[in-house]
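Note sheet for the following structure.
The values are calculated or read from the model by the stated rules, or taken from the named source; none is laboratory data. The shown structure was predicted, so the numbers you read here are calculated from the model rather than taken from an experiment. With ideal geometry, Cβ positions are generated from the backbone for all residues, glycine too; neighbour counts draw on all protein chains shown. Ligands, DNA and RNA are stripped out before the accessible areas are found, and what is left, the full protein with its side chains, is counted by its heavy atoms. Shrake-Rupley method; radii C 1.70, N 1.55, O 1.52, S 1.80 Å.
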Amino acid sequence: MNTADIKNEKSVRYHGVGISNGCVSGPLRFFRQRRKMGRIRACGDQREERARFEQALLRTREQLDTLQRRAIREIGKKEAEIFEIHAMMLEDEDFLEAVQGALDDGACAETAVERAAEKHAQALRSLGDPYLSARAEDLHDVATQLLRQLSGERPDGDLSTEREPYILVADDLSPSETVTMEKSMILGFVTFGGTPNSHTSILARAMGIPALVGVGAVSEDCDGAYALLDAAEGTLTVSPDAEERCAFEEKQREVNDLAREHDRYLRSLINKPAITRSGRKILIYANVGEGREIAQALLNGADGVGLLRSEFLYLSMDRYPTEDELFASYHDVVQSMQGKRIVIRTLDIGADKQIPYFALPQEENPALGFRGVRICLAREEIFKTQLRAILRASAYGNVSVMVPMIVSEDEVRACRVILNECMEELEREGKKFDHGIEFGIMIETPAAAIMSDEIAREVDFFSVGTNDLTQYTLAADRQNPLVERICEENREPILRLIEMAAEAIHRHDGWIGICGELAADLHLTQRFIDLGIDELSVSVPYLLGVREKVTECK
Ligand code: PEP
Ligand code: MG
């Protein structure tokens, strides 16, 4: 690269790996991060430093939570998982111990965080595994957030005051920086580092923003220069000449026309049934956590809601909701469905979803402990309150009720008995409900899949929770990034369990869907259809893509 060329306004071309095809042009703006906040304070007394660290830890946790919710809303659940990984890093005992050790040695909170992060990052890098090296970068991102909380500084090079859209240039972008950027102003981004599989690239792809990663370096003299970013070609042309501009504009028109055409095509699929080439109809449902996501789901053509994660209402309160409060919430949700089916999953707390007022016992292995239906069967009053509210809401639409974390036929029968008791009570009280309400369970343990023939006799439908089914089948904690690859490389055992469940429920005239994240994996759509899946339930951003894919399947 030649600085003289830029100063003389001669065009300069950089090469990198393009992410999300697209052509954009505009001024370059450099985002200059200062990864290390550096400004080391004179150390206060140790108690004070410890308290400052605790405060920063708390605020960083809250911030990560906000970032995760924002990412789920704007991009998708799967892509937002990186913030869960970051939150886990903050809980890492070795990391916290290293911070404590540095504080004990008399370091100020900033130095303690930097030392601990560096030590851990080095340990991860030294293993020579590209995946673990990427986790070292995540660790730096987390440490930077902690340091910002400690210093109260905004990120260096904050571009939030820019008035015109721009192409952002940075040596690298962390997931938290990517998500918090003002997207309406960003035409595209260029990073010196990064790989197509880094989390930032994944986020860029999910947000549909053209990007170029692994460019090496771009001279700072380019700040403010007009540039052409061609993500399909993997090039950035700074200060293009007239001929280059002309050719680019032509390509941009073509690319945009194609993108618009694809978008129009996707939109044309809304409200059309998803039918395979051999004539099989697959229902495309949405996964939602909150009622307000339903409007978006319907606008994107959802045939129904295949999973309402009902625990979110409980999570947002600081006491048990009453039956009337639950009913009011379900009633609104059911009414907004315009007659389409909504599957309300009963409470699935425990494991990674803890609610303080439930006062659950501390457990060594919470994912293998007291969670989901186990809690509901042990604390029947809580379960009954929820079931009565769901039943009352069923009078206003097409409601199905579904129970998570089942391992046996006995559990299913016990749930059914309680559901029947609730129906009898409501009947006696003269309250309306749908007497034929569908009752189903989630297949998310290997035991449920293996026993699916017996269980299928007791229910109307199955919905496969591949997130948990994967974790329990492969003995790979869904929260632990160190075993993520094991999950990605071992789909076959999960698919075989799904096949068993599908055959069993069809023998008993029921239907089967998938509501775990795998439902949105377009590489598996054909396989799911071959296995006999009737419904795929995915988060809102994936609805149209899955619908399109189904129409291309045999
Ligand atoms: C699953 O386990 O796949 C699922 C859909 O449930 P959750 O992710 O809420 O545990
Ligand atoms: Mg689950």
Percent relative contact order for region 46-151, counting Cα pairs under 8 Å at least six residues apart, stands at 30 percent
7 Å from Cα along Cα→Cβ at both L299 and V483: what's the point-to-point distance in nm? 4.0 nm
Spin-label pair R47/E325, simplified geometry with 7 Å Cα→Cβ offset, distance in nm: 3.8 nm
Taking 4 °C and 1.567 mPa s as the conditions, I'd like the Stokes-Einstein D for region 384-433 in µm²/s, using the Kirkwood hydrodynamic radius from alpha carbon pairs. 112 µm²/s
At a probe size of 1.4 Å, how large is the accessible area of D263, to the nearest 10 Å²? 80 Å²
Per-residue [θ]222 nm for the chain (sum of -39500 (n - 2.57) over DSSP H runs n ≥ 4, rounded to 500): -15000 deg cm²/dmol
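Using the heavy atoms of the protein chains alone and a 1.4 angstrom probe, what is the accessible area of region 46-151 per residue in square angstrom?
On a per-residue basis, region 46-151 sits at 46 Å².
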E429-S268 FRET efficiency (beta carbon distance; Förster radius 41 Å; 0.05 resolution): 0.30
Sorted from largest down, what three extents in whole angstroms do the Cα atoms of the chain have along their principal axes? 84, 64, 41
Could you give the accessible area per residue of region 167-242, probe 1.4 Å, as a whole number in Å²? 31 Å²
Place the peptides 539-545, 328-334 in order of packing, highest mean first, counting for every residue the other Cβ atoms within 10 Å and averaging per peptide. 539-545, 328-334
Residue separation between D94 and R13 times 0.36 nm, minus their alpha-carbon distance, gives in nm 24.7 nm
Which three extents, in angstrom, do the Cα atoms of region 46-151 have along their principal axes, listed largest first? 43, 33, 20
With DSSP loop assignment and no more than 16 other C-beta atoms within 10 Å, the GluC sites (Glu not before Pro) in region 393-439 are E429
Cα centroid separation, region 497-548 to region 349-422 (Å): 24 Å
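Using mean Cβ contacts within 10 Å as the protection proxy, how do 464-471, 115-122, 289-296, 266-273 order, highest first?
So the order, starting with the most tightly packed, is 464-471, 115-122, 289-296, 266-273.
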T551, T346, T195, reordered so the largest accessible area comes first (probe 1.4 Å): T195, T551, T346
Residues L495 and A475, FRET efficiency given R0 of 22 Å [Cβ-Cβ distance, rounded to 0.05]: 0.80
Rough spin-label spacing in nm, given labels placed 7 Å along Cα→Cβ, for I450 and D257: 5.9 nm
Report, to the nearest whole %, how much of the accessible area of the chain belongs to carbon and sulfur atoms, 1.4 Å probe, protein only. 49 percent
Quick one: of K183/K549; K272/K431; K340/K432, which pairs are farther than 30 Å apart, Cα to Cα? K272/K431
